[in-house]
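Please treat every number below as a calculation from the coordinates, not as lab data. Fair warning: this is a prediction, and the values are worked out from it, not measured in the lab. Virtual Cβ from ideal backbone geometry, glycine too; neighbours counted across all protein chains shown.
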Ligand code: FES
């Protein structure tokens with residue numbers, strides 16, 4: 001692999017003569033060569049799969065956000081002090097507005113390239129959150145969060161929460177009508193927090209809404225506090241990724257004990273580095289041709305105005321939907337007002353989503369009792385309960401999202417708002433159950449199909465007519481590589497009832513818990529189809545070789561097979 | 001550990017056939033293909049350079065106000081050149097990696113995330129030695145008092161946040177008071193009943209929002225103005241008097257079917273604006289709470305809980321609409337002390 005002959009000393013080669021100096025200088029001071037050698041850092045192997053790119057999109061859009069955001073800070077003035085606009089955008093000339101809004105107008109109209117950078121920044125933010133969520137789904141669907149990666153999963157959840165808050169803070173900064181409406185919502189949410197709500201509102205807004213400190217405060221949060229936390233956590237995320245080595249899909253030669261792929265230097269570094277330019281270029285093109293958040297069209301914030309059909313950024317859509325479909329419950333007791341109609345959908349529900357998400361690896365581990373390390377990804381079909389559970393959560397999310405756009409749906413499709421709201425209220429509880437069951441059935445069906453393909457081969461498309469006139473289609477065995485890939489996963493555990501009593505005949509101390517766990521495990525594995533056993537395969541091989549008592553002859557031109565079931569003829 | 005895994009492998013129905021043989025790419029075996037790829041990639045990088053020069057030219061040459069196909073010409077050209085250049089560079093680098101860089105897959109062995117048992121033991125020993133030498137376990141008095149002072153450290157941290165804002169004692173209601181004129185929110189002109197037709201809705205504000213002091217300065221401006229506006233904004237509607245069903249005590253709050261309500265939604269405070277004349281419903285654009293203005297602002301749909309507060313109206317000597325008092329109900333979104341504040345308002349009237 002290396003171009004250097006084993007016997008020559010690297011220092012005597014041409015490369016060695018050039019590089020030894022600088023490398024030596026650095027190593028004299030930092031001693032990094034030892035660490036790099038120990039961890040094979042420069043030639044670290046990264047496996048390849050398209051889905052491993054999703055996290056990279058999130059990473060690179062974060063870098064784009066840092067770069068474009070820095071540019072924007074040169075002009076943006078985070079002040080709510082009043083000023084009279086006098087700039088290039090004539091329709092707003094002479095209007096009273098905050099410095100924040102006026103300077104955002106300046107960035108959009110008077111700073112050359114300012115609008116472009118602003119739009120890239122906004123698009124990259126939407127992409128950042130989207131990529132994080134899809135990346136998280138990938139990790140969940142494939143069980144990549146399993147031991148030893150649970151901590152990295154928690155770091156990922158924190159990154160997502162911070163990303164959402166960061167996006168919302170940024171959305172609020174320009175002090176236009178939409179961002180003010182968003183803040184008004186935050187104000188209402190803070191007020192709805194039981195007992196301490198008013199205090200939080202007054203402390204955060206520096207008095208009554210809107211006050212004159214919220215934008216400077218959010219600015220600090222947006223450009224310092226959260227980015228610093230994000231950077232630190234992203235760093236930790238990456239260090240753990242390198243330490244654990246990336247998960248990989250199973251297949252010939254790919255085991256739990258190795259990782260197969262390309263070395264960091266040069267291939268992975270080039271691909272990943274090149275991908276940064278692709279993400280930046282892509283967002284730049286979006287900034288060039290797709291308008292986003294045209295704040296000049298909304299006007300400065302005015303608490304007595306609102307635009308109809310005002311929508312938050314897409315990632316807040318599910319909270320918005322929950323708030324819209326919530327029944328109008330509010331109660332008074334202990335002399336306090338309790339605004340369940342806001343507190344529950346805007347605070348409790350998102351907390352629930354995140355809490356269950358964060359706890360999921362540990363819940364699953366408790367149910368399955370699986371304490372082993374896992375480096376091979378699990379195909380979604382081979383974990384039917386998990387897959388169905390995620391799909392159910394996605395369904396609930398989707399229903400809320402529809403709720404968040406109920407006014408738009410109502411006007412676009414001429415439906416009654418009332419009907420959509422009730423659809424969402426009921427759907428939130430019913431549809432996830434339905435999709436759970438459907439998904440689980442599909443997974444189990446796919447597991448059966450896999451077992452079938454292993455045992456009976458694939459359909460060759462060759463139809464035979466038997467002497468008595470019946471038609472049959474010939475099956476041919478899958479190539480052994482594909483067969484192996486299909487079986488390269490854990491066998492189902494044997495489920496046994498927990499002992500009622502311990503060895504001494506005394507009621508087992510944790511028997512309640514153990515029973516619950518046994519029940520959970522039963523539900524978790526319910527219906528799953530195990531992969532064929534050695535004997536099954538043995539049997540099937542004989543059967544396949546020996547079709548109707550005749551050996552299967554497919555002819556000379558019939559060589560090789562493809563997994564798609566189409567015979568490949570050379 | 002490895003034995004266990006080996007046993008498992010033995011039970012596998014299909015044996016691992018091992019990594020498939022390496023397949024050479026066209027660029028590995030055909031020099032012509034290799035040359036072509038090299039040219040392609042170099043071409044991409046070169047075009048990228050040209051685009052970046054184009055970016056600078058556009059930056060200098062294009063006028064800010066020029067448009068192109070409805071886009072700002074500046075924004076479009078800068079974005080297209082920058083985006084194009086970046087994309088070409090990215091794709092070029094990736095192509096280079098895919099077509100020309102060594103493509104031998106490598107195998108690296110994994111190790112359990114855990115350290116070895118010795119390492120763990122050694123670390124535990126160090127930890128133990130450290131704790132022992134500190135006497136942390138042996139000197140509970142010191143330990144506990146340290147914990148105590150540590151937890152007291154939270155006090156300054158919390159108390160220092162006190163000045164982030166005033167305490168919310170006694171949410172004031174609004175700037176409306178007896179005799180204040182209801183003025184149109186566009187020009188600040190007072191409103192006469194004859195200005196309103198049946199079915200019409202007008203956005204209005206208290207006259208103080210447009211008042212100037214003797215130096216010609218606005219009485220309310222900046223933050224204060226916004227704070228007051230976010231509570232005092234109202235809408236004035238005219239309906240057929242017979243359509244209105246005032247609740248007890250509200251019979252004389254309107255003038256010939258003209259009623260005045262808070263514009264601030266009782267849900268989370270959006271200004272409400274969508275008026276359906278036929279049904280007398282007012283719809284909030286934020287989460288679609290709907291209030292029946294003919295029926296005392298009652299909530300008929302949506303997540304808002306409290307009815308829209310109503311402002312009692314009268315006419316002044318010149319025949320303009322004025323308020324009889326401040327809102328007798330708390331306006332805006334709910335908050336924990338709302339019940340108490342409402343009681344105070346009730347006691348006052
Ligand atoms: S603010 Fe009016 S419905 Fe939510």
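So the values come out like this:
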read-out: Sequence of A:116, A:352, B:345 once ranked by neighbouring C-beta atoms within 10 Å, starting from the fewest; value: A:352, B:345, A:116
read-out: Chain B: angle of helix B:117-134 to the longest principal axis, Cα-based, in degrees nearest 10; value: 50
read-out: Other protein chain Cβ atoms within 10 Å, averaged over every residue that makes up A:113-123; value: 3
read-out: Peptide A:88-101, shielding by other chains (average Cβ, 10 Å cutoff); value: 1
read-out: Peptide A:482-492, shielding by other chains (average Cβ, 10 Å cutoff); value: 3
read-out: Hull shadow area, averaged, chain A [alpha-carbon convex hull, nm²]; value: 42.5
read-out: Those residues of region A:344-376 whose amide nitrogen sits under 13 Å from the label point placed on residue A:496, 7 Å along Cα→Cβ; value: none
read-out: Sorted by Cβ neighbour density within 10 Å, fewest at the top, the residues A:122, A:414, A:374; value: A:414, A:374, A:122
read-out: Where labels lie 7 Å past Cα in the beta-carbon direction, separation of residue A:239 and residue B:126 in nm; value: 1.5
read-out: Zero-based 10 Å bins, Cα pair distances in region B:125-248, whole percents; value: 10, 22, 18, 12, 9, 8, 9, 9, 4, 0
read-out: Rg and Dmax [Cα atoms of region A:408-501; Å; Rg one decimal, Dmax integer]; value: 24.2, 67
read-out: In degrees, nearest ten, helix A:14-30 long axis to first principal axis of chain A (Cα); value: 60
read-out: Within chain A, helix-based [θ] at 222 nm, where runs of 4 or more DSSP H residues each add -39,500 (n - 2.57), nearest 500; value: -18500 deg cm²/dmol
read-out: Hypothetical label at residue A:32: residues of region A:268-282 whose amide nitrogen lies under 18 Å (7 Å Cα-Cβ projection); value: A:268-270, A:273
read-out: Under the Debye formula (equal points on every Cα, no solvent term), log10 I(q)/I(0) of region B:1-149 at q = 0.15 Å⁻¹; value: -0.97
read-out: Residue A:542 paired with residue B:159, simple spin-label distance in nm, labels 7 Å along Cα-to-beta-carbon; value: 8.7
read-out: Burial ordering of A:424, B:270, fewest other beta-carbon atoms within 10 Å first; value: A:424, B:270
read-out: Rounded tilt (10° steps) of A:177-192 against the dominant C-alpha axis of chain A; value: 80
read-out: Using a Förster distance of 51 Å, the FRET efficiency for residue B:142-residue A:70 (Cβ separation, nearest 0.05); value: 0.60
read-out: Cα centroid separation, region B:134-199 to region B:249-275 (Å); value: 27
read-out: Relative contact order (%) - region A:339-459, alpha-carbon pairs under 8 angstrom, separation at least six; value: 31
read-out: Residue A:425-residue A:8 pseudo-label distance in nm [points 7 Å out on the Cα-to-Cβ vector]; value: 8.0
read-out: At R0 = 51 Å, FRET efficiency that the Cβ-Cβ distance of residue B:221 and residue B:194 yields, to 0.05; value: 0.95
read-out: Sites residue B:12 and residue A:465 - FRET efficiency at Förster radius 41 Å, r taken between beta-carbons, to 0.05; value: 0.60
read-out: Stretchable slack from residue B:59 to residue B:317, in nm (0.36 nm times residue separation minus alpha-carbon distance); value: 86.5 nm
read-out: Expected 222 nm ellipticity per residue - DSSP helices of 4 or more, -39500 (n - 2.57), all of chain B, to 500; value: -11500 deg cm²/dmol
read-out: Antiparallel bridge percentage (DSSP; both residues within chain A; nearest 5); value: 95
